[in-house]
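The values are calculated or read from the model by the stated rules, or taken from the named source; none is laboratory data. Since the model is a prediction, treat every value here as computed from it, not as a measurement. Note that each Cβ is placed from the backbone with ideal geometry, even for glycine, and that neighbours are counted across all protein chains shown.
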């Protein structure tokens with residue numbers, strides 16, 4: 001019975017339990033397997049980083065109010081954030097790393113930057 005490399009389908013010569021024709025095919029095969037598992041994580045990370053960049057760009061002074069359309073027009077995704085901070089009064093700030101926002105009435109959004117903690 002002829003055995004074929006799991007990566008390139010070349011004929012395998014050698015031990016009966018050998019799965020790859022050489023080390024580069026073995027490495028390539030397992031790299032592809034790892035990439036499939038991490039692709040969802042990479043997609044979410046890109047969204048979070050884009051959201052952070054948008055918040056940073058619209059909030060250069062650490063606290064400001066903007067219209068919700070300013071975020072939407074730049075592709076901000078309100079479904080993805082890193083954490084929620086709830087104040088004693090019940091207001092919920094959504095954060096993308098150190099930049100956060102609070103949805104206010106009349107399509108207004110309060111943008112904030114978390115103070116540095118040492």
For residue 21, indicate whether it is farther than 18 Å from residue 110 by Cα, touching a strand residue (DSSP E or B) at 6+ places or on another chain (Cβ under 8 Å) and either surrounded by 12 or more Cβ atoms within 10 Å (Cβ to Cβ) or in contact (Cβ under 8 Å) with a residue 24 or more places away in the chain (or both).
yes
Applying the selection to region 60-95, what residues are assigned to a strand (DSSP E or B) and in contact with a helix residue (DSSP H, G or I) (Cβ under 8 Å, 6 or more places away or on another chain)?
64, 66
Check region 31-50 and report whether any residue there is surrounded by 14 or more Cβ atoms within 10 Å (Cβ to Cβ), assigned to a helix (DSSP H, G or I), touching a strand residue (DSSP E or B) at 6+ places or on another chain (Cβ under 8 Å) and at pLDDT 90 or above.
yes
Before we move on, is residue 104 over 22 Å from residue 49 (Cβ atoms) and either without any contact (Cβ under 8 Å) to a residue 60 or more places away in the chain or touching a strand residue (DSSP E or B) at 6+ places or on another chain (Cβ under 8 Å) (or both)?
yes
Among the numbered conditions (1) in contact with a strand residue (DSSP E or B) (Cβ under 6 Å, 6 or more places away or on another chain); (2) exposed (fewer than 13 other Cβ atoms within 10 Å of the Cβ), tell me where residue 57 comes up short.
(1)
What number of residues in region 96-118 are more than 21 Å from the chain's Cα centre (by Cα) and outside any strand (DSSP E or B)?
7
Condition check: surrounded by 10 or more Cβ atoms within 10 Å (Cβ to Cβ) and closer than 30 Å to residue 5 by Cα. Does residue 92 satisfy that?
no
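Within 18 Å of the chain's Cα centre (by Cα) and over 16 Å from residue 110 (Cα atoms): is that true of residue 43 in this structure?
Yes, satisfied.
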Looking at the structure I just gave you, is residue 79 farther than 30 Å from residue 20 by Cβ and either touching a residue at least 12 places away in the same chain (Cβ under 8 Å) or in contact with a strand residue (DSSP E or B) (Cβ under 9 Å, 6 or more places away or on another chain) (or both)?
no
